[in-house]
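One structure below.
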């Protein structure tokens, strides 16, 4: 029985990148021996154990043979006879197929160190095509390591395209697609995940609502980038700079889905794309099993981002209704997420990336002023029931009017 540190921990150590977790492979042992030594079995599809002290994962060396569609369609053999080299051969990329022994020596059968030095994602073997999840994993690795200069080997991209053309992507379960997508959204360059999926043809299968935005024009005076798909990726880039919150980044990704349904004869205008986008966002979230809080923020941003952009133009009562529909008074945290996603929309255009916009300040000041209006003084006046609600509403409208006045006056004289 011999244990080796493998996979991401070895890769990230060589990259001087933060190591999030350490995984181990055990060669020359059996499940019975592992349990007898105090390891606790946790793996469902193949023998994975938790170390009795460190609680790190230890997996028996194994081989896999494709037996059905999807990423779970494998026959797994884990025995004391499987070698470390055979275990490494089944892995996806060369940079993930390295091991480190107890002395710190790197065992590298498939030139992973060279590919790290050259910043290349390259498949280990032709068995790469047997697991469609690897398409998403490679895309996610691009989201994580793009800033380090990584690219995908041409022959590996060709295999990713083959996986898509063979229809294997369609066998991925929704929960796993969302899991990979959510992880990608949390990386340094999440837009690269979606660009890679588009390059290999997977985006039009997994997120056709986003894929169809490419080639859809917008008015050049407001959108110098013109292409809605390009704009969407630029908005995601800006959301990444503004927030680490994956919910904010997801809302930025889907906020303009309605533009993909605009009739061509109406291009480049997109009247009412906000409302047309709402059912599309809901469908995406239902299909991918997106958590409700993430879905709700995405729907709010989709429906009300034009209200955000018109912060200095809305009537005072409309402004208050917008705050109420956003549930800002009960959910100020989500209201702040809304502002960040909408600010990313403003900045996601060539030449606007570092510009200061007044909308966030208008909304924050007006919301603060309106939120300070409470029922207490009206109750003390003897008002009851609906009269209290009406009085609060009128007072909040006046507070919003006062808070926005400097911006309204400025826009009217400019």
*Out of (1) modelled with pLDDT of 95 or more; (2) over 24 Å from residue 236 (Cβ atoms); (3) in contact with a helix residue (DSSP H, G or I) (Cβ under 6 Å, 6 or more places away or on another chain), the odd one out for residue 324 is which?*
(3)
*State whether one or more residues within the stretch 385-398 are under 21 Å from residue 313 (Cβ atoms), touching a helix residue (DSSP H, G or I) at 6+ places or on another chain (Cβ under 7 Å) and modelled with pLDDT under 95.*
no
*Considering only the stretch 268-286, how many residues are surrounded by 14 or more Cβ atoms within 10 Å (Cβ to Cβ) and either assigned to a loop (DSSP other than H, G, I, E, B) or modelled with pLDDT under 95 (or both)?*
2
_Filter the stretch 122-153 down to the residues that are closer than 16 Å to residue 200 by Cβ, outside any helix (DSSP H, G or I) and more than 21 Å from the chain's Cα centre (by Cα) and list them by number._
122, 123, 131, 153
*Would you tally the residues in the stretch 182-196 being assigned to a helix (DSSP H, G or I) and surrounded by fewer than 21 Cβ atoms within 10 Å (Cβ to Cβ)?*
3
*Selection within the stretch 360-389 - under 28 Å from the mean Cα position of the chain (by Cα) and surrounded by fewer than 19 Cβ atoms within 10 Å (Cβ to Cβ)*: 360, 361, 364
*Only one of (1) out of contact with any strand residue (DSSP E or B) (no Cβ under 8 Å at 6 or more places or on another chain); (2) within 30 Å of residue 165 (Cα to Cα); (3) at pLDDT below 90 is not met by residue 63, so which one is it?*
(1)
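I'd like to check something: does the stretch 347-360 contain any residue that is farther than 29 Å from residue 217 by Cα, out of contact with any strand residue (DSSP E or B) (no Cβ under 6 Å at 6 or more places or on another chain) and outside any helix (DSSP H, G or I)? Walk me through it before giving the result.
Initially, the stretch 347-360 is screened for residues farther than 29 Å from residue 217 by Cα, giving none.
Looking through the stretch 347-360, none of the residues is farther than 29 Å from residue 217 by Cα, out of contact with any strand residue (DSSP E or B) (no Cβ under 6 Å at 6 or more places or on another chain) and outside any helix (DSSP H, G or I).
The values are calculated or read from the model by the stated rules, or taken from the named source; none is laboratory data. Since the structure is predicted, the reported quantities are computational estimates derived from the model, not experimental observations. Positions of Cβ are backbone-derived with ideal geometry, glycine not excepted, and every protein chain shown enters the neighbour counts.
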